[in-house]
Amino acid sequence: MIQLNWQKSRLLILGSYSFAILISAIFVLIKPNQNKFPKSIALNRWETIKTDKLTYEYELTEGRKYKEEKHNLGMEIYFIPNSRGETLSLMNQYLELQLKPEDIAVKLDSQIGSYGLLNKNNQTYLDTCIHSSGKTAFTSQQFSELANNNLSSRLLPWIFGLSDLRDWSCLWVNMSVSTDDVTEEEAAGLLKQKLFTLLSEIKFDK
């Protein structure tokens, strides 16, 4: 009887190990590469200037540059893995700026989240990080709140190793428009309108 129970226990242990190995193999084979620009972004009325790359945490990550002729508006979008939503740090590092938190006017919107505005050198800039939930954040604290929402929907894929429990990646958006022909207030309103349009047109991979 004891030997029979031991054989059953051994089979159970071997079965558990085999299952773990199978799940690990599936994880390696089908887990998507997180360091890629989503292919399902289709922006109407925007002309793609070029596909671009930047180095983030020693790895190349993809992005694109756009323009809209009607308002002479430029936009850059980069996929940032493990970003933590530190938008100001991204601006300083990649736009070669030396900004302090007090230089940015952080705006909150109940519909979309938050974004930052900057007026500099006859340009108004709007920057934000778009989470996969479709909401935006400018500060790391705001982004953490987005990453911690709806964890229950990610629990099962996380258990099987198919995704991380929290999604820390973001689309960093940098928009700008000249203030030569418009006031700073008008420029800010235009950029906010374009951000709303952008959010309505981005299709996130699920």
For this session: For K50, list the aspartates and glutamates whose Cα falls under 14 Å from its own Cα; do not include residues on the same chain fewer than 8 positions away.
Result: E62, E68, E76
For this session: Go through 71-77, 167-173, 101-107, 184-190 and give me the packing order, highest mean Cβ count within 10 Å leading.
Result: 167-173, 71-77, 184-190, 101-107
Problem set entry | Rule-of-thumb Rg ratio for segment 47-201 [Cα; 2.2 N^0.38 Å; N residues] | 1.07
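Taken together, the values in this text are just the output of simple stated rules run on the coordinates, not laboratory data. Since we're looking at a predicted model, the values are computed, not measured. Reconstructed Cβ throughout: ideal geometry from the backbone, glycine too, with neighbour counts over all protein chains shown.
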